[in-house]
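Notes for the one structure printed next.
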There are 2 protein chains.
Amino acid sequence: MSRPAGRTILASTIAKPYQEEVISAVQKLSFKPTLVGLLANEDPAAKMYANWTSKTCESLGFNYKLVEVNKNDLETSLIKANRDDNVNGIMVYFPVFGDKQDQYLQQLISPEKDVEGLNFLYYHNLYHNVRFLDPPKNQQKSILPCTPLAMVKILEYLGVYNKILPYGNRLYGKKILVVNRSEIVGRPLAALLANDGATVYSVDINNIQQFTRGDDLSEHRHLVVDLKGDEYTVEKLAPQCDVIITGVPSENYKFPVNLVRHGTVVINFSSSKNFDDEIKQRAGLYVPSIGKVTIAILLRNLLRLIDNKKIRAGEVAEDV
Amino acid sequence: MSRPAGRTILASTIAKPYQEEVISAVQKLSFKPTLVGLLANEDPAAKMYANWTSKTCESLGFNYKLVEVNKNDLETSLIKANRDDNVNGIMVYFPVFGDKQDQYLQQLISPEKDVEGLNFLYYHNLYHNVRFLDPPKNQQKSILPCTPLAMVKILEYLGVYNKILPYGNRLYGKKILVVNRSEIVGRPLAALLANDGATVYSVDINNIQQFTRGDDLSEHRHLVVDLKGDEYTVEKLAPQCDVIITGVPSENYKFPVNLVRHGTVVINFSSSKNFDDEIKQRAGLYVPSIGKVTIAILLRNLLRLIDNKKIRAGEVAEDV
């Protein structure tokens, strides 16, 4: 195999400045923030992930408290954590029930402690480009779901965001393929990138949709169009794209490397490997996983929630 | 076939007093309330259902406005209806996308116009027996999801709620089988009935759960236990039950009539027929469908939302 022309960039490299930002912000606090992880899932992989979260949190200066509960008791434990003044952030290891009851539980996490940014309010703000929770004062920043936000930070690091373009339009002209349209990551990610000026082809098992900024200025809302016709297939669209992002949670799925144009930026956010190693012969920049960036962003969200709480409590001088 | 010992009760009979209540309440208003139905679904059955809703609304004194939109424009139309002061209630004909995006859209319906009671807030209040939206004043009543509430009204009509028992415990001693554990109907229904004192066996494709009132008084929360073991099968539990409720959305599914003890109260809330006709030889009281009660309850919810709005606007004298 010939030497790759492009480079593989590890998440640890990209995460570094965010980890440093977080460590330094925690040191300025008068207390050690506490993140509670609620595990009501018998999957050993979830337990491993929880242990990994724990280690990362502790290493960056946070308390991490793992609460293991029977799934039928999860709601009660969650309410307790919501009410506990010593708990600054809460995350639940989903799936728990694996059905819509998980959405009910997800919404039950207080928005004030929702480090993952999963609350309906935060998604709504993302889709409509709403940056603050308290208009017209605009002091409390809205939280962004952590995986989509991590992806934006990764694309910034990789230079896909063009800093010479005006802020808010720095993906202008870019075509991005996103293989995943989950409500947690794929759809909000497509909207975020479209809001920043990209043309996004969002692929799921049913169809391909195109997300663009659109012109619905009254709602600050991206435009979504179902793409139909022979020219709109992954086979035809992928080679046109500047960036290909995958998040297919299956060991069996592999994105066809032959569809990737030489020099493309390629990012996989699934915990499964969505590309065979030969992708390194094609990709300009290849990021094989993003977990370390996501967790740094999650802790950054936790600090933002603490800031918002201070503002609500009047501990920060208001400049109105 | 011998003459049935029991009776079949039609939804129209049970709906009548609620229809009358609603007609009379509308007449006392200074305006004709408007319900908007958003249809972004190409299923002809959804269109038929919308037309049926329309006729029912008009016949009971309400304006009904059907808005047909492309599904990618549904969010924008929904926001417009949320903001339109002339719109008192909103319902969306789900499924639209058929995935979690539908939950996002469902949560987007303003709680102040959510006639179906689908907002997270209302489910949360149901699960925790919270009756009012504005403690400690307790003037604005919380909305209950309309199908579970319709079921309670049906069980009251059928005499399953025992009025001699204290309010809040009128299902004491009753065993109820509910075949459906959807987040929209089956799970909240099981919780409602457990909160009223029943032992509920909640069946879905994965397992059987038992809902009882439990003793989590601090959270006002019912207790859920997974039932495991040979004695906990539908075959063994169904013949012990006083009430059997089904809601399986499939023409192919039939509940085995031989499991129904003679004299059991039997109710089907699926739009498919979950029982063969021979159920009439077994059931004490049989309600083959409940749609007409549900729509009457939906309009009752709409009037409650109008009342709440008046209270918020200070149009109703406060007795604090």
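The values are calculated or read from the model by the stated rules, or taken from the named source; none is laboratory data. Just so it is clear, the structure is predicted and the values come from calculations on it, not from any experiment. FYI the Cβ positions are ideal-geometry reconstructions off the backbone, even for glycines, and counts take in every protein chain you see.
Looking at (1) among the hydrophobic types (A, V, I, L, M, F, W, C); (2) within 14 Å of chain A (Cβ to nearest Cβ); (3) surrounded by fewer than 21 Cβ atoms within 10 Å (Cβ to Cβ); (4) part of a helix (DSSP H, G or I), which one does residue B:74 not meet, given that it meets all the others? The one condition residue B:74 does not meet is (3). Going residue by residue through region B:47-61, is there one that turns out to be modelled with pLDDT of 95 or more, outside any helix (DSSP H, G or I) and within 13 Å of chain A (Cβ to nearest Cβ)? No, region B:47-61 contains no residue that is modelled with pLDDT of 95 or more, outside any helix (DSSP H, G or I) and within 13 Å of chain A (Cβ to nearest Cβ). Among the residues examined, residue B:82 qualifies as of a type outside the set (Val, Ile, Thr), within 14 Å of chain A (Cβ to nearest Cβ) and assigned to a helix (DSSP H, G or I).
Exactly one of these conditions fails for residue B:91: (1) part of a loop (DSSP other than H, G, I, E, B); (2) more than 14 Å from chain A (Cβ to nearest Cβ); (3) in contact with an Asp or Glu (Cβ under 6 Å, 6 or more places away or on another chain). Give me its number. Going through (1) part of a loop (DSSP other than H, G, I, E, B); (2) more than 14 Å from chain A (Cβ to nearest Cβ); (3) in contact with an Asp or Glu (Cβ under 6 Å, 6 or more places away or on another chain) one by one, residue B:91 breaks only (1). Filtered by the rule that a residue be within 10 Å of chain B (Cβ to nearest Cβ) and more than 17 Å from the chain's Cα centre (by Cα), region A:94-106 gives A:97, A:98, A:99, A:100, A:101, A:102, A:103, A:104. Yes or no: region A:159-167 includes at least one residue that is out of contact with any Lys or Arg (no Cβ under 6 Å at 6 or more places or on another chain), surrounded by 19 or more Cβ atoms within 10 Å (Cβ to Cβ), more than 30 Å from residue A:102 (Cβ to Cβ) and at pLDDT below 95. No, the conditions are met nowhere in region A:159-167. Using the structure shown, decide if residue A:7 is farther than 30 Å from residue B:225 by Cβ and in contact with a strand residue (DSSP E or B) (Cβ under 8 Å, 6 or more places away or on another chain). The answer is yes for residue A:7.
For residue A:171, the stated conditions do not hold, so it cannot be described as under 18 Å from the mean Cα position of the chain (by Cα), surrounded by 22 or more Cβ atoms within 10 Å (Cβ to Cβ), not hydroxyl-bearing (Ser, Thr, Tyr) and not assigned by TED's automatic domain parsing to the domain that holds residue A:259. Listed by first and then second residue, the pairs with beta-carbon distance under 9 Å, at least 6 apart or on different chains, first residue in region B:120-137 and within 13 Å of chain A (Cβ to nearest Cβ) and surrounded by fewer than 16 Cβ atoms within 10 Å (Cβ to Cβ), second at pLDDT below 95 and part of a loop (DSSP other than H, G, I, E, B), are B:130/B:220. The single condition among (1) more than 17 Å from the chain's Cα centre (by Cα); (2) at pLDDT 95 or above that residue A:218 does not satisfy is (2). Of the strands (runs of 3 or more DSSP E) contained entirely in region B:225-317, those carrying at least 3 residues that are of a type in the set (A, V, I, L, M, F, W, C) and at pLDDT 95 or above fall at B:243-246, B:265-268.
To keep it simple, each residue is scored yes or no on (1) within 14 Å of chain B (Cβ to nearest Cβ); (2) surrounded by 13 or more Cβ atoms within 10 Å (Cβ to Cβ).
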| site | (1), (2) |
| --- | --- |
| A:213 | no, yes |
| A:226 | yes, yes |
| A:234 | no, yes |
| A:259 | no, yes |
| A:262 | no, no |
| A:267 | no, yes |
| A:273 | no, yes |
| A:313 | no, no |
